[in-house]
Amino acid sequence: MKKESNLLIYDLILYLVFPLVGYKLLKPYIGDYWAMIVPTIPGILYTLFRFWYTKQFNVTGIFIISTMTVSTALDLLAGTKENLLLYNVYYHIGLIGVFFILLAIKKPLPYYFMIDIAAIQGQEREESKKLYKHPSLFKLFQFLFIAWIVKDIIFTGAQWWMLEAYGVKAYYSRTIIFTVGGYIFGIIMAIGYAMITMRAQKIKENEQQPKDEIII
């Protein structure tokens, strides 16, 4: 529990406090554009180190690192503070499109993330793939993925509206709302994963029950 609390504090400092405070302090010296980019560097390095340290170079790690790489590249290509925020909207629209494709071909990301989580806990990947493909479980992964897509649609729409209505002035509100909203969504995902874990345990117990009876 203490470890999770420490991670939450690190996340808040590097993903919320650094960008906001850094933007405020650096803006008079390097301008809006670079003041938006530079304070995010510690968060990027922290994320890379965390995944290297926990050896999570799996689907979860690859997804986070690849999306972070694309997002950072677009920020650097933007050139202006307005384009930086606008490109971020375009990036998320493209990401939503990819998510819809994955949903259509029944490749929900939460399913693969769950396999990674189970692997870290010592469960064989092939065993996890078979277990979580169970219809009652896979359906929950699809629902979680749909919730994720809906969240991204709402956040992207809100970001577009704030950019149109307030321009660069929306930077503070956008950062705070999306960070807090991201944690709220994270709680929802955690509840979903907990439900799947409990249901998976019952399925495993039901599958093992006949074998136990034969042994008796």
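Quick note: the coordinates plus some simple rules give every number you see, no bench work behind them. This structure is a prediction, so every number in the text was calculated from the model and none was measured. Note: ideal-geometry Cβ built from the backbone for every residue, glycine included; neighbour counts use all protein chains shown.
Checking the cross-link pairs K106/K204; K130/K151; K151/K204; K81/K107; K139/K204 against a 25 Å limit on the alpha carbon distance flags K130/K151; K151/K204; K81/K107 as lying beyond it.
Which GluC sites (Glu not before Pro) does the range 124-216 hold that lie in a coil by DSSP with at most 14 other beta carbons within 10 Å?
Details: sites: E124, E126, E127, E164, E205, E207, E213; in loops: E124.
Sites meeting the loop and neighbour criteria: E124.
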